[in-house]
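Contents: one structure, followed by commentary.
The values are calculated or read from the model by the stated rules, or taken from the named source; none is laboratory data. As the structure is a prediction and not an experimental result, all values here were calculated from the model. Here the Cβ positions follow ideal geometry from the backbone for every residue, glycine too, while neighbour counts run over all protein chains shown.
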Amino acid sequence: MPCWESQGARDGSGIVSFLEMSSWYWDRWATYHGKTCSVPELRDICDDVWGCEIFWSPCDRVYRDIYLGDSSIAQDVSKLKSLGVTHVLNAAHGAIDVSKEYEKVGIEYLGVPADDVPTYNLKQHFEPAAAFINTAVKKGKVLVHCHVGYSRSPTLVAAYLMLYQELTAQESITLIRGKRFIGPNDGFLRQLCEFNDQLVEEGRLELP
């Protein structure tokens, strides 16, 4: 039997398992509808190319003194200083960590050890990350980054906008998408929907 020919390939069970997994993923994340927000709604915003940024760059200023970027800009300390960055939030802590270099130049650092997979509970970091960003913009400027600045870090910036700027998840993703090409995974989008529901229920966020 060739090395690539598995039992599933011979009897068709592998195809069934794949279809079952795809259906489970679709039902759990991709088609999730909360009370005030849905994953398809946020995904449509991310996928929109009309009037939105479509070119890739290491770093973009997405809101006032908040920069969103990738690991290359995070490791360029001289560039960060030239931008006036005083704080760095790393949503890929562990895989990327140059915090010792930041200490040398007085940049404050927060590391969030998040995995970019739909099952990762990024929501647990929403409030502490948002609080860090809020403190940062009062003192200076902040870079929020992960590996490519596409999924984890924009989700945390969206959480900040929801908590401290009183924007809905839809408004937050729209604002960020207008400045940078982003695409949080469906699990993170679901968590933003759940967070939107939570803030509305608690009276901390009003729907437009």
Review point. Looking at (1) assigned to a loop (DSSP other than H, G, I, E, B); (2) surrounded by fewer than 23 Cβ atoms within 10 Å (Cβ to Cβ); (3) of a type outside the set (Val, Ile, Thr); (4) in contact with a Ser or Thr (Cβ under 6 Å, 6 or more places away or on another chain), can you tell me which one Pro208 breaks?
Key: (4)
Review point. If you go through segment 37-55 one residue at a time, do you hit one that is part of a loop (DSSP other than H, G, I, E, B), closer than 30 Å to Glu202 by Cα and either modelled with pLDDT of 95 or more or not polar (S, T, N, Q) (or both)?
Key: yes
Study note, to complete from the structure: In segment 154-178, residues that are under 16 Å from Arg64 (Cβ atoms) and in contact with a Cys (Cβ under 8 Å, 6 or more places away or on another chain) total 1
Check your understanding: Of all residues in segment 147-195, which are part of a helix (DSSP H, G or I), closer than 14 Å to Ala91 by Cα and more than 8 Å from the chain's Cα centre (by Cα)?
Key -> Ala159, Tyr160
Revision key, fill the gap. Over segment 152-182, the set of residues among the charged types (D, E, K, R) and under 16 Å from Phe195 (Cβ atoms) is Arg152, Glu166, Glu171
Check your understanding: Only one of (1) in contact with a helix residue (DSSP H, G or I) (Cβ under 7 Å, 6 or more places away or on another chain); (2) at pLDDT below 95 is not met by Ser99, so which one is it?
Key -> (1)
Check your understanding: Under 6 Å by Cβ, and 6 or more places apart or on different chains, what pairs join a residue from segment 156-178 that is under 16 Å from Ile133 (Cα atoms) with one that is basic (Lys, Arg)?
Key -> none
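Condition check ((1) crowded, with 24+ Cβ neighbours inside 10 Å; (2) not charged (D, E, K, R)) across all residues:
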| site | (1), (2) |
| --- | --- |
| Glu108 | no, no |
| Val112 | no, yes |
| His125 | no, yes |
| Thr135 | no, yes |
| Val148 | no, yes |
| Leu156 | yes, yes |
| Thr168 | no, yes |
| Arg177 | no, no |
| Val200 | no, yes |
Check your understanding: Can Leu110 be described as within 19 Å of Asn185 (Cα to Cα) and under 17 Å from the mean Cα position of the chain (by Cα)?
Key -> no
**Study point:** Residue match in segment 96-107 (condition: farther than 23 Å from Gln198 by Cα, among the charged types (D, E, K, R), without any contact (Cβ under 8 Å) to a residue 24 or more places away in the chain and in contact with a strand residue (DSSP E or B) (Cβ under 7 Å, 6 or more places away or on another chain))
**Key:** yes
